[in-house]
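Scroll down for the structure; my scribbles are underneath it.
Coordinate-derived values only; no laboratory data. It should be emphasised that the depicted structure is a prediction, and the values quoted were computed from it without experimental measurement. Methodologically, a virtual Cβ is constructed for each residue, glycine included, from the backbone with ideal geometry; neighbour enumeration extends over all protein chains shown.
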Amino acid sequence: MTWKKNDAITLTIEDISEEGAGIGRTEGYIWFVKDTVIGDRIEASVMKVKKSYGFARLIRVLEPSPFRVEPRCPSARACGGCQLQAMAYKEQLRFKERKVYHHLKRLGGVEKLRMASDARSKDQRPDMAVAGEEGEPWIKMEPIIGMENPWRYRNKAQFPFGRDKNGKLIYGFYAGRTHAIIQQEDCLLGVEENKGILGIIQGYMEDFHIPPYEESSHTGLVRHALIRKGFSTGEIMVCLIINGESLPHGDVLVERLKVVKGMTDISFNVNKERTNVILGEKVVNLYGRGYITDALSNITYRISPQSFYQVNPVQTEKLYQTALEYAGLTGKETVWDLYCGIGTISLFLARRAKKVYGVEIIPAAIQDARENARQNGILNTEFFVGKAEEVLPEQYHKNKVYAEVIVVDPPRKGCDKACLDTIVEMGPERVVYVSCDSATLARDVKYLGERGYVVRRVRTVDLFGECVHVETVCLLSNRKPKPDTH
Ligand code: SAH
């Protein structure tokens, strides 16, 4: 059977793709249909047909899945930011655990892996070998750490500004996979304050005829508003990203924003490039110290507009605690924290280690990391600006640094091979891999597995309720411990 655009098809959703689209079949042919939930029986309209799979648009839910819920956000479908809003939260968690499990098993080559909910291994501890089986023991994933309330958890939001069809100034979000801006006053994942702040910025732009940026002609000024809030301090930062070197009447904007409770820092960031990267390099401070602060487990962090900082602080704390537990520190260890950002994990580790070295590519983040260490009186840390895959080999070969434990927390693309090779050469007892993309985690786990490092513990933590992403912490250790050469 061949299908053409706009044909109506009826199918049952059996799985969810990496991007959160439902997957179903007609006569063996695979369809991806957004906004559906596993178990839905649906009618869809064909959009695109490829050789072995196609895309279709949801027309009607004929029989809802038992896991289907009414999305809370009126723009859930148009936005595409929350791919899982129609799925009950408990089911979202099961979906994420399954995703990590399948990645580690299929791509990562971790054959003896079980899910936490796997009945076969009910009374088995993760480290227990099965009698009569050869080789490595079975690993049972530890249960996913879900959120208590998967709404309004994000401490950071970036809203694009633009114009609607009638030329009216709007802000909102990009419609899924496009750069068309859809007006939306509030996002249910963000903090309540966002709406008032965005209204003030919009009013200021209207009053002074400050044009929003227009991507197609590369004209106009205001591209995005970045808003960040320290959940434990209540401090708020606003940074306008502009296609220019100065912000007209910036003083008025500051006066108007200052009245918002918690407003601590106001700045603009210069980004004159034709790019979809949001932030440019230069930040000009208009009000405040140039950063806000937040605290996690009694460590305070300063956060600059450009620095990476996890968006969900409540769950981040649990993620870092898991990483710390897996690191198994006693106070005697030398630890490397690769991809360390502003030193968040490094400082968690440093309280229990002899020495922690952090590596991060963004200089502003390393400045923050050093300052964070100093302000918290954590003196056993040292930070390097640079690529993990360059700094680690250099330090290892030139300065003979070593580590009992190496923690990595790379961006979605995972670790560079040169970085993994050096880890293997250094031969730490434990590698703790914190990952925001289980497919690249699995790829790297496979690579390390072929070089002697075996997965010992796995736990997923949900930092992104309503969205497809999930964080995973994986403990690996050397199958053949290296003779002690230090
Ligand atoms: N561990 C930190 C940051 C994790 S995000 C935290 O939990 O907050 C990943 C970080 O890796 C980002 O800060 C990014 O700037 C940095 N990064 C990206 N590529 C890198 C590379 N090749 N070498 C070192 N750091 C890198």
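In summary, the lysines within cross-link reach of Lys96, defined as a Cα separation below 26 angstrom excluding same-chain residues under 8 places away, comprise Lys34, Lys105, Lys112, Lys122, Lys140, Lys156, Lys318, Lys413, Lys446. For Arg72 and Lys51, the FRET efficiency from 1/(1 + (r/R0)^6), where r spans their Cβ atoms and R0 equals 25 Å, is about 0.10. Between Gln183 and Lys272, the FRET efficiency from the beta-carbon distance, with R0 = 22 Å, is close to 0.30. When all alpha-carbon pairs of the stretch 8-68 are counted, what percent fall beyond 20 Å? Tail of P(r) above 20 Å: 11 percent of Cα pairs.
Convex hull volume of the C-alpha atoms in the stretch 156-303, normalised per residue: 116 Å³.
The residues Val191, Val385, Val100, when put in order of fewest to most other Cβ atoms within 10 Å, stand as Val385, Val191, Val100. With both labels modelled 7 Å from their Cα along Cα-to-Cβ, the Val284 to His218 distance reads 2.1 nm. In terms of surrounding Cβ atoms within a 10 Å radius of their Cβ, Thr472, Thr293, Thr275 rank from fewest to most as Thr275, Thr293, Thr472.
Tell me which residues come under 5 Å, amide H to amide H, from Tyr29 once H is placed; ignore anything under 5 positions away on its chain. For Tyr29, no residues qualify. Principal axis extents of the C-alpha atoms in the chain (largest first, rounded to whole Å): 72, 63, 36.
Residues whose amide H comes within less than 5 Å of that of Gly244, counting only those at least five positions distant or on another chain, are Asn271 (H built at 1.01 Å from N in the peptide plane). The label-point distance for Glu27 and Thr330, in a model that sets each label 7 Å from Cα toward Cβ, rounds to 6.6 nm.
Of the residues Lys446, Lys90, Lys51, the one with the fewest other Cβ atoms within 10 Å heads the list, and the complete ranking is Lys51, Lys90, Lys446. With r defined as the distance between the Cβ atoms of Ala175 and Val401 and R0 fixed at 41 Å, what FRET efficiency is calculated, to the nearest 0.05? That gives a FRET efficiency of 0.25.
Full extension of the chain segment joining Met1 with Glu111 gains 35.8 nm, where the gain is 0.36 nm per residue of separation less the Cα-Cα distance. Rounded to the nearest 5, the antiparallel percentage of DSSP beta bridges internal to the chain is 65%.
With the simple spin-label model, which puts each label point 7 Å out from Cα in the Cβ direction, the Glu192 to Trp151 separation comes to 1.2 nm.
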